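Input: a single structure, listed below in structure tokens.
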Amino acid sequence: MKKKAGIWLLLFIASVAICNSQQVYENRFERPLSDVLEDISERFDVRLSYDIDTAGLILPYADFRIKPYSLEESLTNVLVPFDFKVVKQNDKLYKVKTYEYARRTPEDGEKMLSYLLSLYSDKESWEQRKVCLQREVRENLGIDSLLSKRVQSKPILSKVRKFDGYSVQNFAIETLPGLFVAGSIYTPLSKGKHALIISPNGHFGDGRYREEQQLRMGSLARAGAITVSYDLFGWGESALQVGNASHRSSAAHIIQAMNGITILDYMLTRNDVDKDRVGATGGSGGGSQTILLSVLDDRYKAVAPVVMLASHFDGGCPCESGMPVTLSCGGTNNAELIAMFAPKPLLVVSDGGDWTASVPTLEFPYLQRIYEMYNARESVQNVHLPKEGHDYGINKRRAVYDFFGELFLLDLKKIDESKVTIESENDLKIFGANGELYPDHAIKSFGELTKYFNKDRYRDLLSDLSIENKAAGWVASLELEDKNDISFLNTLIYNHLRAVRDWHNTHSYTMVPEGINPLTGQALSQLDRQMIVNSTIPDEVHHKLMSGLRRVLTEPQVEAVLDKYTVGKVDFTMQGYKAIVPDLTIEEEATILSHLKQAREQAIDYKNMNQISAIFEIYKTKCEQYLINNGRNWRQLYKDFVNKVNEEKKKTNNNK
Ligand code: ZN
């Protein structure tokens, strides 16, 4: 009896298992992610903005993930399978983004800081932790190997431009062979030794050339400090060397650190610099660099990271978080990294409008705990501006002027931003507006730098850079005047070319089984199979490009762009038909042209020339069928054309 019950139980379990597996495989309740998000947005009456592309993404068990009682749970549930997340902008607007390893929540930051404080209860244990961080930050960044490959060369210096109370001189320093970092040095007019303030630049529009940065550089110089402003890697003059896309690489993280160290090396060789009064300040991404430089370089005596410091955000750009610095010693964050500066003077400027909103309650109390270990609680300051946002605005500049003014004995009475001359971008460049003055041995592409890094890591970036170049070249050929249109089109075409490339690269021809072409009965070739799989690229990719082009361009300009994609095949093929059919009627010509234009528009979504040609072949067959239907003896016409060409060849050969 017992035995029987056992068997029944087994059968019961088996049937449950079968039932479950049927549920899994029979119906996955799939829907396009974009449709599901649209439904959620309607249902909860919120707007969604997208930092990601939902094209082609299919969500299994779609509607089951929606929780009628919670917008945020619903969004999280439908986005998690794609490693996307949502960030609330306000009650009515949510932004959909990819998972960001560099960005966490203030709650995570709080947990992390309390964990970190549990690791060191006194100065001695903290100092041990510091030793580990000092070593592993350098290792994880990979800075020492790059520093050892630097060239020792004299900086290139421009003429000095004198202004009210200060002067400006552009400079460039060769770091790695052929690679330059360019910037401007603002020097007080007074004689003697001066304090030095290195000012790495962040991601604010117009980079180091923007007005706010010039006001700050000039004002501090008027007050008696030499200030140095320089480009991000792949921005400003650096972009003229290595391209904009190279900024979005982990190499930027290392190279920018190298630039900061190399610039300080040079500045400390100058007789007018007082090495006991050396500081650094930068806003946003410049704040990230300030924090990192303070860890890597013990020559700094005071630093002021502005609108950047947080325990829950490392900076979202690869130039801030591209290398795994925050994995050092089992996990760290910017608050702990800047704490290593204790007990030297530190000013943290924060605001209520970005991730630094948590500084007064989270990061600052943590920093005070560390500074207290040195009995130096007063050496760390926080100026928090709750009503302000993410910028290096006047109130933030004032806080920084006061901080360095007091520490470095500057003449604060001379701070008067209205006396600072704002120069043009080109005035601040040392290699000319378009980089025409770069020395001959200067490298001309990011590719020349990959030998210093793990090459495989940059394969995608190099492809991105070549696509960036291609898009920019096509847009330049339109000779447009409006800067915004140019930049919009550069991005639009770049994104389309990338989407086509990525679809091709992630969809192998092997996804289509071997078989026959039902029209011809012949076996499908590798090209056929690749084209079948490439043709499944979501329509949105095409429509986004076409509607974008039509938004800013005239129809002939749109056609010019499509001709670039298809290397002028419409015109070339049309000339062929005219040669084969010398008495082509206007109507015939119009019909053929319309077929060829269809071919062109279809072909732009294919990756390479073989595929583009194959699309044109489809439409050429249509054209020829049309001519035959129109009473043309295509075979004979083609034969006559070939004979004529051959005869002409003979003639020219005989004449030789
Ligand atoms: Zn960056």
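The values are calculated or read from the model by the stated rules, or taken from the named source; none is laboratory data. Since we're looking at a predicted model, the values are computed, not measured. Note: ideal-geometry Cβ built from the backbone for every residue, glycine included; neighbour counts use all protein chains shown. The protein model used for the area step is the full one, side chains on, heavy atoms only, and it has no ligands, DNA or RNA in it. Shrake-Rupley method; radii C 1.70, N 1.55, O 1.52, S 1.80 Å.
Worth pointing out:
- R210 within 16 Å of the ligand (Cβ to nearest atom) and modelled with pLDDT of 95 or more: yes
- Qualifying residue in region 258-266 (condition: assigned by TED's automatic domain parsing to the domain that holds A302, without any contact (Cβ under 8 Å) to a residue 40 or more places away in the chain and more than 16 Å from the ligand (Cβ to nearest atom)): yes
- Filter result for P200 (within 16 Å of the ligand (Cβ to nearest atom) and either closer than 26 Å to E448 by Cβ or aliphatic (A, V, I, L, M) (or both)): yes
- Residue count, region 473-516 (criterion: under 23 Å from A603 (Cα atoms) and either in a helix (DSSP H, G or I) or among the charged types (D, E, K, R) (or both)): 26
- Residue check, G205 under 25 Å from the mean Cα position of the chain (by Cα), within 16 Å of the ligand (Cβ to nearest atom) and open to solvent by 10 Å² or more (accessible area, probe 1.4 Å): yes
- Cβ-Cβ distances below 9 Å connect the following pairs, each with a first residue in region 300-320 that is closer than 18 Å to P106 by Cβ and more than 16 Å from the ligand (Cβ to nearest atom), a second residue that is polar (S, T, N, Q) and part of a loop (DSSP other than H, G, I, E, B), and a separation of six or more residues or different chains: A310/N333; S311/N333; H312/T105; H312/N333.
- Criterion violated by A335 - all others in (1) within 16 Å of the ligand (Cβ to nearest atom); (2) within 17 Å of E136 (Cβ to Cβ) satisfied: (1)
- Hits in region 456-505 - residues which are of a type in the set (S, T, Y), touching a residue at least 40 places away in the same chain (Cβ under 8 Å) and open to solvent by 40 Å² or more (accessible area, probe 1.4 Å): S477
- Taken over region 376-385, the residue count meeting the criterion of being closer than 19 Å to F408 by Cα and either surrounded by 17 or more Cβ atoms within 10 Å (Cβ to Cβ) or in contact with a strand residue (DSSP E or B) (Cβ under 8 Å, 6 or more places away or on another chain) (or both) is 5.
- Qualifying residue in region 274-283 (condition: more than 16 Å from the ligand (Cβ to nearest atom), open to solvent by 10 Å² or more (accessible area, probe 1.4 Å) and touching a His at 6+ places or on another chain (Cβ under 7 Å)): yes
- Here is the figure for region 74-103: residues that are surrounded by 13 or more Cβ atoms within 10 Å (Cβ to Cβ) and in a helix (DSSP H, G or I) total 8.
- If only residues of region 611-625 that are in contact with a helix residue (DSSP H, G or I) (Cβ under 6 Å, 6 or more places away or on another chain) and open to solvent by 40 Å² or more (accessible area, probe 1.4 Å) are counted, the one that is farthest from I532 (Cα to Cα) is E624.
- Matching residues, region 579-626, being charged (D, E, K, R) and either assigned to a helix (DSSP H, G or I) or outside the structural domain of L637 (by TED's automatic domain parsing) (or both): E587, E588, E589, K597, R600, E601, E617, K620, K622, E624
- For region 157-179, the tally of residues that are outside any loop (DSSP other than H, G, I, E, B) and open to solvent by 60 Å² or more (accessible area, probe 1.4 Å) stands at 4.
- Among (1) away from the ligand (no atom under 12 Å from the Cβ); (2) under 25 Å from the mean Cα position of the chain (by Cα); (3) surrounded by fewer than 23 Cβ atoms within 10 Å (Cβ to Cβ), the one test that T269 misses: (2)
- Single match in L296, L292 (criterion: away from the ligand (no atom under 15 Å from the Cβ), in contact with a helix residue (DSSP H, G or I) (Cβ under 9 Å, 6 or more places away or on another chain) and touching a residue at least 40 places away in the same chain (Cβ under 8 Å)): L296
- Of residues in region 314-338 being over 25 Å from S379 (Cβ atoms) and among the aliphatic types (A, V, I, L, M), the one farthest from the chain's Cα centre (by Cα): L327
- Some residue of region 249-256 being away from the ligand (no atom under 16 Å from the Cβ) and open to solvent by 10 Å² or more (accessible area, probe 1.4 Å): no
The rows are residues; the columns are (1) open to solvent by less than 20 Å² (accessible area, probe 1.4 Å); (2) within 16 Å of the ligand (Cβ to nearest atom); (3) free of Cβ contacts under 8 Å to residues at least 60 places away in the same chain; (4) not in a strand (DSSP E or B).
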position	(1), (2), (3), (4)
F341	yes, no, yes, yes
T361	no, no, yes, yes
K387	no, no, yes, yes
H390	no, yes, no, yes
Y401	yes, no, no, yes
T421	no, no, no, yes
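- Residue identified as assigned by TED's automatic domain parsing to the domain that holds E481 and either of a type in the set (D, E) or at pLDDT 95 or above (or both) among G515, G521, G568: G568
- For region 516-527, a tally of residues being closer than 24 Å to G56 by Cβ and free of Cβ contacts under 8 Å to residues at least 40 places away in the same chain returns 2.
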